[in-house]
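Supplied in C-alpha cells, the structure appears directly below.
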Amino acid sequence: EKLLQRLPVEIGRESRTPWRVLETGEPELIFDARSLDDAGVRQSHVEFVRALHTTSYMCVPLVAHGSTLGVLSLGLSQSSHRIFGATELTLAEEIAARCATAVENASFHSGLEQALRAEATERQRLQQVIDALPEALIIADVEGRIVAGNSAADTLCGLSVEASDGDAARLMRPE
C-alpha cells in the first residue's frame, strides 16, 4: 500500500500492456522486466514494476464466451530467481479462463437473483389487486392448477384456494 502511494500506476491506455491485452484478448509475456523500457510502457509503470523488483511479467485476458472481462497480471520478483516462460503462460491462461468463468457465473447468479426478486414483487402486486376485487376470481394454469385466487372465490366455493391444494376441480366441487 505504501508503495502504491509512492508510485501510483496511472490507469489509462498509456499503461499499454494491460490495455493491449484487454483490447486484443491476447496475452503478453515479458521475460525480462528490464525490457519494459523498450516495450512502449509508460515510465511511471516501469518505475512501479522496478520498485517491486519484478524480473518477469505477464498479462493474461480473462475471457468467457468470447468476451474479455478483465486482465490478470502476474509478476515474479528478483528473489525468486525465476522468469516466466511458455509453460507458466499456459497455466496462467487456464487460471484466467477459470477466473473469468467464475466472474461470469457470479454475474449471472446476481442477475438471476435480481430477476427472481422482481418477479416476487410483481406477484405480490398482482395478488393485492386480486384480493381487492369484490368479484370471485380464480386463476388456473393450463394444467388446471390454481395459481391465485381471492377471498370472494373462497366464499363462493366454500373452500379456500389454499385448502384446495391448487386443484381447480376440487375447489369447484368441495366435499
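No lab work stands behind these numbers, since they all come straight from the coordinates. Computed from a prediction, not measured in an experiment: that's the story for all the values here. Note that we place each Cβ from the backbone using ideal geometry, even for glycine, and neighbour counts take in every protein chain shown.
So if I place +1 on the C-beta of Lys and Arg and -1 on the C-beta of Asp and Glu, and nothing else carries charge, what would the dipole magnitude of segment 67-132 be about its Cα centre? I want it in debye, nearest 20.
Taking the Cα centre of segment 67-132 as origin, the dipole is about 120 debye.
What does the charge add up to near E93, with Lys and Arg as +1, Asp and Glu as -1, over the other residues with Cβ less than 12 Å from its Cβ? Write down the numbers at each step before the final one.
On the way: positive: R98; negative: E26, E28, E88, E94.
The answer is -3.
Out of residues 5 or more away from V71 or on other chains, whose amide H comes under 5 Å of its own, with H placed 1.01 Å from N in the peptide plane?
Correct list: L62.
Moving on to the next point. On full extension of the chain, what length is gained from A51 through E113, given 0.36 nm per residue of separation minus the C-alpha to C-alpha distance?
18.0 nm
Also, I was wondering about something else. Put a dot 7 Å past each Cα toward the Cβ at L156 and E143; how far apart are the dots in nm?
Distance between label points: 2.5 nm.
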